[in-house]
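Below is one structure, written out as structure tokens; the observations come after it.
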Amino acid sequence: MTKKLLQINITANWGSHGKIAEGIGNVVMSHGWESHVAYGRWANPSNSQLYHIGSMMDERIHGVGSRLFDNHGLMSKRATIRFLNYVKQLNPDIIHLHNIHGYYLNYPELFSFLSLANKPVVWTLHDCWSYTGHCAHYMYVQCDRWKTHCELCPQKRSYPASLLLDRSYRNYDMKKQAFLSVPNLTLVPVSKWLEGDLQQSFLKDCRIQQIYNGIDINVFKPQMDTKAITGKYDIPLGKRVLLGVASNWWRKGFEDFLQLRRLLDDKYVIVLVGLDEKRIKSLPTGVIGIRRTENVSDLCGLYSLADVYLNLTLEDNMPTTNLEALACGTPVITYRTGGSPEAIDELTGNVVMQGNLEAVCKLVESVCNRGETVYASACRQRVLDKFCSSKQFEKYYDLYSQLLGIKK
């Protein structure tokens, strides 16, 4: 009988997590399985069969409840019950969770079902929301209350923002009770850093198997001819190009890039991708702003053009942009933030303590003086060896097979 995989995520084939779910679905289908993806909002056409959880109205009501009463993940009850009736009819062999936060699911209802379903559950953790009483990330404020018991949350107004109540103490207890109720749960942190923190949380006794995210090496690859890119985005010829990319620049180091510009001489130009129009208009001379682009060819061209990819993130788990830059042959200089340093080794980049822009300047100078060609082969090989999407997604199929007792 054909095996069925059901993945649950906020998006379907959209954004980094949605594309990861899409890639995993493609791998299991290549092994003869059915692939299904249930999502909350934002979907691109998919090779998997899609199910849309709830509606825009459900999402808005959930958002209001979260902002007023710190009820994130505790709304959308009817939409979740309808979805679980669909799951019963589908009867998947494996249920794989990704981001279940995002104003579209009721996690007590979901985990009550999973605790009784007698099915293997895999949960890929792309952030820290699963074991905190409120936030998805805590490193920026250096909070470690999640290790004992969340309360008096210092990030009440950060995603998922609550403008009135702080129920982080209650939320912590509710998550702990719900998430530990599933007997056959495997957690998959996507970085060694997250794995280490997970082992200090209330989820420490769950089965944990770390798997890195991967990228499509046939899409992200060096582009030899970058003349069209320099013309399209008015990047001056003869300058050393320092690139930064983010889909959302919240706590991704935007202000540090501006400070860095003041420290660098005129032979460098900084190119930042993913900015809104307001920020683009405010940029100083020597910094070029580009709106978020879904044009992967342009993105690969920018990575290939850059002499250095800079990741000055202040809060991150395992940023995919590092891998994309490496795949295009570009060395990476990153802050020592979360799992970001795990993308590189001594042949492919450098790690700097957060805020040490003088050290960043010196490393930029050193890398540029050596020349990108010195790094290109090693950068590309690093991704081929450790972060190729087909290899990483195949690890999920191996995990599913192991959980189901399928001999390969």
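Here are the numbers:
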read-out	value
Odd one out for G25, checked against (1) touching a residue at least 24 places away in the same chain (Cβ under 8 Å); (2) surrounded by 23 or more Cβ atoms within 10 Å (Cβ to Cβ)	(1)
Within segment 103-139, tally of residues that are touching a residue at least 40 places away in the same chain (Cβ under 8 Å), within 14 Å of the chain's Cα centre (by Cα) and assigned to a loop (DSSP other than H, G, I, E, B)	4
Some residue of segment 28-42 being within 26 Å of E294 (Cβ to Cβ), in a helix (DSSP H, G or I), of a type in the set (S, T, N, Q) and free of Cβ contacts under 8 Å to residues at least 12 places away in the same chain	yes
Close pairs (8 angstrom Cβ cut-off, 6 or more residues apart or separate chains): closer than 18 Å to L260 by Cβ in segment 273-292, part of a loop (DSSP other than H, G, I, E, B) and among the polar types (S, T, N, Q) anywhere	V273/T293; G274/S247; G274/N248
Filter result for the condition that a residue is charged (D, E, K, R), under 30 Å from W42 (Cα atoms), loosely packed, with under 13 Cβ neighbours inside 10 Å and not assigned by TED's automatic domain parsing to the domain that holds C128, over D276, D265	D276
Residues satisfying the stated conditions in segment 227-244, i.e. in contact (Cβ under 8 Å) with a residue 12 or more places away in the chain and either part of a helix (DSSP H, G or I) or not assigned by TED's automatic domain parsing to the domain that holds E255 (or both)	A228, I229, T230, K232
Per-region count, segment 356-389, residues of a type in the set (G, A, S), in a helix (DSSP H, G or I) and exposed (fewer than 15 other Cβ atoms within 10 Å of the Cβ)	3
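Residue-wise test of (1) surrounded by fewer than 21 Cβ atoms within 10 Å (Cβ to Cβ); (2) more than 15 Å from D197 (Cα to Cα).
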{"residue": "C143", "(1), (2)": "yes, no"}
{"residue": "H149", "(1), (2)": "yes, no"}
{"residue": "C153", "(1), (2)": "no, yes"}
{"residue": "L163", "(1), (2)": "yes, yes"}
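The values are calculated or read from the model by the stated rules, or taken from the named source; none is laboratory data. Remember, it's a predicted structure, so these values are computed and weren't measured experimentally. All Cβ positions, even for glycine, are placed from backbone atoms using ideal geometry, and neighbour counts span all protein chains on display.
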